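Reviewing the structure listed below.
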Amino acid sequence: MALGPFDSRAKRSRCLCCAESHLKCSREFPCKTCVRRNLVCKYPGDSSIQTITLDLGQHKTSMHYSNSVTNNAQVAYNHLPPLTQSPSSDSTHRYIHYFGLFVQKNTFNPQCLSYDASIKSLLGTRGACPLVQAVLAIGALEASKVEVNRPKEFSNYTSDVQFSLNSYSRAIITLRDYIDSLETPSRIQVLWTTLLLGLFELMHDPTGNGWIKHMVYGTSRAVEAAGPEFFRTEPGKSFFSQVRIFETCRTIVFNETTFLTRSDWAALSFGSREANFASPQHPLESLLDIITMCAKLSAGAGNLIDTLDQLDPVTVNETANDLALEGHRLRRNLLLWNVTNSQMLNNSSVSNKFEDRFPVDSIAVLINAFFSAVSIYLSGIFDYNIYIWNDLGIPTPTLTEEDIQAHVRIILHSTRCGLERTSLSHLLHLFPLRVAGARCTTPWQREEILALLRNAKSSFSATEAFETELTMLWRMNPRLPA
């Protein structure tokens, strides 16, 4: 509809699609943005011509609704999440809506505000096309997970999947062009884009190889290259609060070191706690510090074991003693952390007396699972090769089998609570489940772990790789159920 004489809205020089998407318009016909996005380019009409454009869609009458009220398919359709109505025929609004739904059920850091606002604030800025495409790719893939359960006559599953894959490909291409063509590409947009592309891979690729590519060679390297100073202020601070837990889980899962253990990055983490929380030693943040140091210790112990035949006895003993001392220091830190946060842990939602009608503390659920997982992980650094340490006569910070099984039970209980009753991302539970899976001793534990992994797989296909790995481990290890 053309602007009327009393319409106070500003006249737009951009085409309608660019105006709605908050993108820069070349003001040509068709504009370059619409050509690149395969959209129909339209401009607002001349305000001197008072025209009204009507939607000429078919008007439904009562005949269209006969015998349909009790139809099961229609009932199921009506129970889907409501979508915000948009006057645009472009599917962009629909996929951004589903991206918002994805964010709502995928909290990565329960201490921080939702990252949805941080991302959407960048969508309308100059050169944000790679980020826009990454958002649309995740939104379309999330929509397809809803559409697959709809009756075929109502489902957009095929088109949603195709759109998501096309958007993913465009994001990869435009990100590369974006970095190559601009002298100073927006660092924060590159960071968010690579992180979202990694999430897309976790949702779509059951092998997890795509995520490794984007996280290890994309986001992780980009964060390290940006340096800690970039993340002391916004918008870098909000991004770091989300990506830090990803990097921590990555380094544990792949048994690698991380730049987060370096002094300048450790100072950034400590400074963030002082700035954001009443207590400088917030439970989750300080626990992540310990987890990253355990990963560094594991890499060092593995390197020693791999090179035993190449080192002289004196070097072996000195290195082994240093590693064991570091292990005891980390065990002491875990015990102190447990004492400091014992009231929160004991009063958390994961107690055995917890009832479904009470609210769940997401942070308590997460730190219970992470604390038990890293406690077992630290023991495993030494007890998987305990004969080597015993031969050297070096005491190690290992746990008893009874303590390990107690931690396994906590992981299973808190993970089920987290999957079913919180908005924590299913990805956060993979590290605890992987650790617990390696230590399960009964068929019941094995079945429970597989059930929890399959629950997580409904959101992230890469969970299948963890399931396959554990199944192979159980077959090879005679201590575990066949």
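Any residue that is at pLDDT 90 or above and over 18 Å from Leu199 (Cα atoms) - is there at least one of those in region 459-466?
Within region 459-466 (the criterion being at pLDDT 90 or above and over 18 Å from Leu199 (Cα atoms)), the answer is no, since none of the residues qualifies.
Identify the residue in region 384-409 that is hydrophobic (A, V, I, L, M, F, W, C) and in a loop (DSSP other than H, G, I, E, B) and, among all such residues, is nearest to Leu452 (Cα to Cα).
Among those residues, the one meeting the criterion is Leu399.
What are the pairs, 6+ residues apart or on separate chains, where a residue within region 336-347 that is modelled with pLDDT of 85 or more has its Cβ under 6 Å from a residue that is assigned to a helix (DSSP H, G or I) and not aromatic (Phe, Trp, Tyr)?
Pairs that qualify, where the first residue is modelled with pLDDT of 85 or more and the partner is assigned to a helix (DSSP H, G or I) and not aromatic (Phe, Trp, Tyr), are Asn341/Pro283.
Out of Asn317, Asn341, I need the residue that is buried (at least 18 other Cβ atoms within 10 Å of the Cβ), over 21 Å from Arg262 (Cα atoms) and not aliphatic (A, V, I, L, M). Which one?
Testing whether each residue is buried (at least 18 other Cβ atoms within 10 Å of the Cβ), over 21 Å from Arg262 (Cα atoms) and not aliphatic (A, V, I, L, M) leaves just Asn341.
Hey, any hits in region 416-435 for a residue that's buried (at least 21 other Cβ atoms within 10 Å of the Cβ) and more than 20 Å from the chain's Cα centre (by Cα)?
No.
Hey, could you check region 229-258 for residues that are closer than 16 Å to Ile119 by Cα and under 14 Å from the mean Cα position of the chain (by Cα) and say which is surrounded by the fewest Cβ atoms within 10 Å (Cβ to Cβ)?
Going through the qualifying residues, I end up with Gln242.
Has region 172-191 got any residue that is exposed (fewer than 15 other Cβ atoms within 10 Å of the Cβ), modelled with pLDDT of 90 or more and on the phi > 0 side of the Ramachandran plot?
So far as region 172-191 goes, no, none of its residues is exposed (fewer than 15 other Cβ atoms within 10 Å of the Cβ), modelled with pLDDT of 90 or more and on the phi > 0 side of the Ramachandran plot.
Output yes when any residue across region 253-271 is aromatic (Phe, Trp, Tyr), within 19 Å of Phe371 (Cα to Cα) and modelled with pLDDT of 75 or more, and no when none is.
The answer is yes; a qualifying residue exists.
Which of the residues that make up region 192-210 are of a type in the set (D, E, K, R) and closer than 15 Å to Ser167 by Cα?
Listed by number, the list holds a single entry, Glu201.
Quick one: which residue in Arg439, Arg434, Arg446 is in contact with a helix residue (DSSP H, G or I) (Cβ under 8 Å, 6 or more places away or on another chain) and closer than 28 Å to Ser114 by Cα?
Only one candidate qualifies: Arg434.
For region 203-223, which residues satisfy the criterion of being crowded, with 24+ Cβ neighbours inside 10 Å and not polar (S, T, N, Q)?
Those that are crowded, with 24+ Cβ neighbours inside 10 Å and not polar (S, T, N, Q): Trp211, Met215, Val223.
Yes or no: Thr248 in contact (Cβ under 8 Å) with a residue 12 or more places away in the chain, closer than 28 Å to Ala436 by Cα and assigned to a helix (DSSP H, G or I)?
For Thr248, the condition - in contact (Cβ under 8 Å) with a residue 12 or more places away in the chain, closer than 28 Å to Ala436 by Cα and assigned to a helix (DSSP H, G or I) - is met.
The values are calculated or read from the model by the stated rules, or taken from the named source; none is laboratory data. Note that the structure is a prediction, hence the values are computed from the model and not measured. Backbone-built Cβ (ideal geometry, glycine too); neighbour counts: all protein chains shown.
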